[in-house]
Amino acid sequence: MKKSDFYYDLPEELIAQTPLERRDASRLLTLDKATGEVGHAVFSELPDLLRPGDILVRNDSRVIPARIFGVRASGPAAVEFLLLRDRGEGVWECMVRPGKKARAGQSFSFGGVLEGEVLETIEGGLRLVRFSKSGLDLMNTLEEIGRMPLPPYIHEELRENERYQTVYAVKPGSAAAPTAGLHFTPELLDRISAMGIGVVSVTLHVGIGTFRPVKEDEVEAHHMHSEWCSVSPQTAAAVNAVRAAGGRVICVGTTSCRTVESMTEGGRLISGTRDTDIFIYPPYEFKMTDALITNFHLPESTLLMLVSALSSRERILAAYKEAVKERYRFFSFGDAMFIY
């Protein structure tokens, strides 16, 4: 299967640069995964598409202000560090730009309140960096000096950092938002719960694996960078009970989907933590996910390949063509899809 099989034309003006004033005012394209039938709604109407006995699985990871700029004592030029994954004891996997200015053994100062030393270069050109602070001390410092790691296709400054967080984000660790969840409000979640629909959380700290571009021509040759995920015993029990009763497991976002697919064994969702590098693309057979709430994804991306596996490449690309025609807003701050 070729990467180019997942290409589509997108006018640049359809890439959403800012979030809507109200989260659930986004448009919602619906797609019957079996027939390809497309419908149009508003995200606040999502409860009309759900059934008592369903369960929503959401990712409660919180984005950290992971972009920081360091300078070396030997030169004034700033080097950008993006913290991707906590290795423990103050050591993080980081993306560094420009990488040639951050070699092993070099030290950097960040805003005069944080120091970091590059330990080594690892797979994909990432750096292991040991910071002078760890844990809560580092998180507090990042809140002081860090910037939100918005995707490169967003060119406008974010006025309020909380608009790049879901309303249920509680566990810091992501370098990008699980954006399908950005459309939910507390009131909408209350309406859903009142209908007899379960709402549970998993955690996947979004790193480079989720948004790293596919460089190989052959899809199968792409390797996903691993990300940390977790499922609690309570979430596993609730999901398994819904499955046993014939309800639908509806994942909110591709990160929730990748988590439950990684943590399903023998037809049951298990609890625990692990690193996952699962790469879902056609003709993957889903173990636990029945339906998916998701945003519109970049051409030739691993996320577009994932949603194509849930329906089909042809149906997804046809739905995207319809979304372009109807002037939907695309990507992180854009509109949403419900694939059922």
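The values are calculated or read from the model by the stated rules, or taken from the named source; none is laboratory data. Since we're looking at a predicted model, the values are computed, not measured. FYI the Cβ positions are ideal-geometry reconstructions off the backbone, even for glycines, and counts take in every protein chain you see. For accessibility, only protein heavy atoms count, side chains too; no ligands or nucleic acids. Shrake-Rupley method; radii C 1.70, N 1.55, O 1.52, S 1.80 Å.
Taking a ≥ b ≥ c as the square roots of the eigenvalues of the Cα gyration tensor of region 1-51, is the shape rounded (a/c under 1.5), prolate (a/b larger than b/c) or oblate? Oblate shape, in that a/c is at least 1.5 and b/c is the bigger or equal ratio.
In terms of the mean number of neighbouring beta-carbon atoms within 10 Å, the peptides 75-83, 171-179 order highest first as 171-179, 75-83.
Couplings 3J(HN,Hα) for region 78-87, derived from phi with the Karplus relation 6.51 cos²θ - 1.76 cosθ + 1.60 (θ = phi - 60°), are 7, 10, 8, 10, 10, 6, 10, 7, 7, 8 Hz, where x marks Gly and Pro.
Taking 14 Å as the cut-off, the amide N atoms of region 189-207 that come nearer than this to a point 7 Å along the Cα-to-beta-carbon line of A241 belong to 196-201.
Solvent exposure of region 55-120 amounts to 42 Å² per residue of accessible area, where only protein heavy atoms count and the probe is 1.4 Å. Our coupling estimate for region 100-113, obtained by passing each phi through the Karplus curve with A = 6.51, B = -1.76, C = 1.60 and θ = phi - 60°, is 5, 9, 9, 9, 3, x, 7, 10, 9, 10, 10, x, x, 10 Hz, Gly and Pro reported as x. If a spin label sat at a point 7 angstrom from the Cα of V71 along the line to its beta carbon, the backbone N atoms of region 104-139 nearer than 13 Å would be those of 108-113. Computed over protein heavy atoms with a 1.4 Å probe, the accessible surface of region 165-243 works out to 38 Å² per residue. Annotation: per residue accessible area for region 273-340 equals 36 Å², rounded to a whole number [probe 1.4 Å, protein chains only]. Take each peptide in 325-333, 269-277, count the other Cβ atoms within 10 Å of every residue, and average; sorted highest first, the result is 325-333, 269-277.
Using θ = phi - 60° in the Karplus curve 6.51 cos²θ - 1.76 cosθ + 1.60, the 3J(HN,Hα) couplings for region 6-21 round to 10, 8, 8, 7, 9, x, 4, 5, 8, 7, 5, 9, 9, x, 5, 4 Hz; x is entered for Gly and Pro.
When a/c reaches 1.5 or more, the comparison of a/b and b/c decides; with that in mind, is region 143-228 rounded, prolate or oblate per its Cα gyration tensor? Oblate is the answer for region 143-228, as a/c is 1.5 or above yet b/c matches or exceeds a/b. Spatially, region 133-200 and region 1-59 are offset by 19 Å when compared through their Cα centroids.
Which lysines, on any chain, are close to K287 with Cα under 28 Å apart, when same-chain ones fewer than 8 places away are left out? Cross-link targets: K2, K3, K33, K171, K215.
Hull volume per residue, based on the alpha-carbon atoms of the chain and their convex hull, is 136 Å³.
Surface composition of the chain: carbon and sulfur atoms hold 49% of the protein heavy-atom accessible area at a 1.4 Å probe.
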